[in-house]
């Protein structure tokens with residue numbers, strides 16, 4: 001029986017195996033491969049161009065990305081800070097419920113990260129203080145209110161705006 005990957009033989013034959021020297025070398029080469037080989041990379045659907053590596057994570061179960069009136073408010077805020085939609089990427093975490101912060105940052109490579117609402121917080125993001133600009137994975141990060149929490153609350157809007165200027 002000819003086996004291309006000697007290490008695979010151990011799954012077929014449960015008994016102890018003895019490899020020849022050349023087989024050990026070949027098996028070691030296959031063990032050295034990264035575990036993600038063969039797993040396709042995540043391909044997130046997002047809104048915007050991500051030209052300035054500014055990731056915005058939202059949570060809208062009923063929308064593809066973000067509700068229209070909230071999008072207009074976000075677009076206005078970004079414009080006041082000198083950003084356009086070409087500069088940012090908006091991801092709806094509701095479409096990727098179990099996504100981790102590592103997968104998102106690995107894909108988008110953000111320099112700035114805004115999470116709007118605690119429900120937008122990805123797994124593994126760690127304990128973040130609400131409305132305080134912080135560093136997360138070498139990225140300026142802000143966990144703030146969702147737009148639902150801000151739209152009718154001027155105090156929340158003020159707190160959010162002050163932190164956005166620092167992001």
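The values are calculated or read from the model by the stated rules, or taken from the named source; none is laboratory data. Predicted model, so just to flag it, every value in this text is computed and none were measured. Please note: Cβ atoms are built from the backbone with ideal geometry, for glycine as well, and neighbour counts cover all protein chains shown.
Which residues, counting only those in the range 87-120, are buried (at least 17 other Cβ atoms within 10 Å of the Cβ), more than 18 Å from residue 165 (Cβ to Cβ) and in contact (Cβ under 8 Å) with a residue 60 or more places away in the chain?
Across the range 87-120, the qualifying residues are 103, 104, 107, 108, 120.
Being touching a helix residue (DSSP H, G or I) at 6+ places or on another chain (Cβ under 8 Å) and either modelled with pLDDT under 95 or surrounded by 17 or more Cβ atoms within 10 Å (Cβ to Cβ) (or both) narrows it down to one of 129, 133, so name that one.
Every option except 133 fails the conditions.
Of everything in the range 68-86, what is crowded, with 16+ Cβ neighbours inside 10 Å, in contact (Cβ under 8 Å) with a residue 40 or more places away in the chain and part of a loop (DSSP other than H, G, I, E, B)? Give them in sequence order.
Hits for the range 68-86: nothing passes.
Being surrounded by 13 or more Cβ atoms within 10 Å (Cβ to Cβ) and farther than 20 Å from residue 46 by Cα is the requirement here; does residue 166 meet it? Can you show your working first?
On the way: surrounded by 13 or more Cβ atoms within 10 Å (Cβ to Cβ): no; farther than 20 Å from residue 46 by Cα: yes.
Against the criterion (surrounded by 13 or more Cβ atoms within 10 Å (Cβ to Cβ) and farther than 20 Å from residue 46 by Cα), residue 166 does not qualify.
Find the residue count for the range 114-162, including only residues that are part of a loop (DSSP other than H, G, I, E, B) and under 19 Å from the mean Cα position of the chain (by Cα).
Pass one, the range 114-162, residues part of a loop (DSSP other than H, G, I, E, B): 117, 121-122, 124-133, 136-139, 145-146, 151-153.
Retained after the next criterion (residues that are under 19 Å from the mean Cα position of the chain (by Cα)): 117, 121-122, 124-130, 133, 136-139, 145-146.
Matching residues across the range 114-162 total 17.
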